[in-house]
Amino acid sequence: MVTVIKTHKPAPTAVLKDSYGRAIRDLRVSLTDRCNFRCFYCLPHGEPPIAPKEQMLSYEEIEYVCDIFVELGIEKIRLTGGEPMMRRDIETIIRKLAKLKPPVSDKLQFVDGSRDPNLDSLNDKPKFVGPRGLRDLALTTNGYFLPDRAAGLKQAGLDRITISLDSLKRDVFRQMTGVDVLDRVLEGIVAAKNGGLQPIKINAVIVRSHNEDEVADFAAFAREHDVMMRFIEFMPLDSGHEWSREDVVSGREIRERIHARFPLVPLELYRGSETASRYRFADGAPGEIGIIAPVTEPFCGACSRIRLTADGQIRTCLFSTVEHSLRDVVRDGASRAEIIDFVRTVVMKKEPRHYINDPGFVAPSRSMSFIGG
């Protein structure tokens, strides 16, 4: 039976809430700390430390804890890394997690008849009342493996994908990522689209003196390929502590650079916990622009996310300096009820905001490759 409701109704109360009343509905799961790229904003210089395999969560453990998170109200799971596709069992993990989705007949429906309201399309906010279950299973990748495996990811049950693309220039791409594979990543974007992994998001971290001159070109790319182009401010997550505020290209500057070439119109949406401010092109061209500005325009007050690292640590904020070992609780033989109590206790410790702009800010000791993008 399909329940029909209006799209402007507020989101329901989730089971999982922090001490500030924020509903936790989004889980980022890092599958591995390994990566075949060496992006300077993610990895410290040199070879990154690799955790022993026995410290990593198995796919059975990932399935088990994600089932518990979904029971607690998690609606969206994003698989990250490192490069998640370096895990040989990635398709198995996706198949297992896809089973956490409710049957199609139980999904909610818009008043216009469209289904699956949790996808990031123009009419998808806010989220809706309905049977609990996973609504959205997504993956963030550098795109290298997509030419050969995009179709298989879709068949396994993946809903959509986000691909990192920090430059459209071969030399700059190599400088920022440490590898000379721009053409293959572009092939991966095409493969993802052909494989039905849509809507496709493209992420670009904009860093002063590296790629800020390409912002408008990225917007042109979004128009040409009908993708959601998202620009991300440079954040202190390299663990090498080389981040500088002078290297941050603000969200405002990014908007102005795009608007000068392609006038933008803000999307009048219920933003909720959405990380990006979103825009369409004033001339009606395809594609969409999103700007994620955690440094200059923080959105902590509506944060709905927690993270699970590749070695099973819960992080309640991307910039947390404290981790909570869910892996140890599970492996020590805790019951399901005890695990639920542990998760609820940890979530209540979620920080009110990040402290990037405070004089005493301390960057995370672990790199983004381990925390998970």
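Under a 5 Å amide H cut-off, with hydrogens placed 1.01 Å from N, SER164 pairs with THR141, ASN142, GLY143, ASN203 among residues at least 5 apart or on other chains.
For the pair SER325 and ALA337 in one chain, pulling the backbone fully straight at 0.36 nm per residue adds 2.7 nm over the alpha carbon distance. Extension gain, GLU212 to THR345, is 43.7 nm, computed as 0.36 nm per intervening residue step minus the present C-alpha separation.
Going from the fewest other Cβ atoms within 10 Å to the most, the residues TYR59, TYR20 appear in the order TYR20, TYR59. Among the listed pairs LYS76/LYS350; LYS53/LYS101; LYS17/LYS53; LYS96/LYS169, those with a Cα-Cα distance over 27 Å are LYS53/LYS101; LYS17/LYS53; LYS96/LYS169.
Computed from the coordinates by the stated procedures, all read-outs in this text should not be read as laboratory data. Predicted model only: the values in this text are computed from it and were never measured. No Cβ is skipped: glycine too gets one built from the backbone with ideal geometry, and neighbour counts run over all protein chains shown.
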